[in-house]
Amino acid sequence: VAILFYNYPPGEKNLSASYMNLPRSLEASLRALREAGYRTETPGETELTLLLQRLLAPYYDPPGDQRELESLLRDGLAELLPVSAYRSWLDRLPPAVVEALRARWGEPEQSSMVVRRKGEAYFAVPRLKLGNVALLPQPPRGERREAAEKALYHDTTARPSHFYLAAYLWVRGGLRADALVHFGTHGTQEWQPGKER
């Protein structure tokens, strides 16, 4: 099960899914899943709060600074998705969609969430694995949390970034989740182009 949690109002220390106490709610949900027979772990609220804050930290780094991202990778709190796998998926989309993505965001390798390993480019996807449950912050619609991010939330014409799409691709192809839960009283997925239909 993949649980993508919404963090609004934005802020690394906030941990509020549109005014819902995120750590307490997630801890209760994980406990309920475990009691229902799901294989998961249930860290305490304080430990979970610290881990969730760490998952959000790279989204607030200044452009070009990857210290938090590298720290997550070193500590097993992020997954690598090859940009080549993302490009293969991207090539199967309608050309007009691909062109709109490139016009807005450039090439996938330009994402601030891309790291290099032995010359290869990878998206680094922050996540916390607790048994068969993975918790992921819903990615920002832009490149990290930028000043215009709030304006992007409700824009039904703005394309999501390459990283936004790559995080969902990892859930589907890397994690191979049987279920995806958007956790919070809102989220940004509902405002993506075409979702209002």
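The values are calculated or read from the model by the stated rules, or taken from the named source; none is laboratory data. These figures come from a predicted structure and were not determined experimentally. Don't worry about glycine lacking a Cβ; one is built from the backbone with ideal geometry, like all the others, and counts go over all protein chains shown. Surface areas here come from the heavy atoms of the whole protein model, side chains and all, with no ligands, DNA or RNA. Shrake-Rupley method; radii C 1.70, N 1.55, O 1.52, S 1.80 Å.
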Residue list for segment 35-49, restricted to those being surrounded by 11 or more Cβ atoms within 10 Å (Cβ to Cβ) and either free of Cβ contacts under 8 Å to residues at least 24 places away in the same chain or aromatic (Phe, Trp, Tyr) (or both): 38, 45, 47
Where the second residue is small (Gly, Ala, Ser) and the first is at pLDDT below 70 and lies in segment 136-148, which pairs have Cβ atoms under 6 Å and are six or more apart or on separate chains? 144/112
Of the conditions (1) modelled with pLDDT of 95 or more; (2) crowded, with 23+ Cβ neighbours inside 10 Å; (3) out of contact with any strand residue (DSSP E or B) (no Cβ under 6 Å at 6 or more places or on another chain); (4) not polar (S, T, N, Q), residue 160 satisfies every one except a single condition; which number is it? (1)
Can you tell me how many residues in segment 85-94 are closer than 15 Å to residue 160 by Cβ, in contact (Cβ under 8 Å) with a residue 12 or more places away in the chain and open to solvent by 20 Å² or more (accessible area, probe 1.4 Å)? 1
Per the filter on segment 78-102, residues in a helix (DSSP H, G or I), more than 21 Å from residue 119 (Cβ to Cβ) and of a type in the set (A, V, I, L, M, F, W, C) are 89, 96, 97, 98, 100, 101
I'd like the full set of residues that are assigned to a helix (DSSP H, G or I), modelled with pLDDT of 90 or more and over 18 Å from residue 182 (Cα atoms), limited to segment 22-45. 34, 35
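Table: residues versus (1) open to solvent by 50 Å² or more (accessible area, probe 1.4 Å); (2) at pLDDT below 95.
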| site | (1), (2) |
| --- | --- |
| 75 | yes, no |
| 78 | no, no |
| 83 | no, no |
| 96 | yes, yes |
| 100 | no, yes |
Out of (1) among the hydrophobic types (A, V, I, L, M, F, W, C); (2) part of a strand (DSSP E or B); (3) surrounded by fewer than 23 Cβ atoms within 10 Å (Cβ to Cβ), the odd one out for residue 123 is which? (3)
Unmet requirement for residue 19, which otherwise passes all of (1) at pLDDT 85 or above; (2) assigned to a loop (DSSP other than H, G, I, E, B); (3) more than 24 Å from residue 170 (Cα to Cα): (1)
Can you name every residue in segment 50-73 that is part of a loop (DSSP other than H, G, I, E, B) and open to solvent by less than 40 Å² (accessible area, probe 1.4 Å)? 61, 65
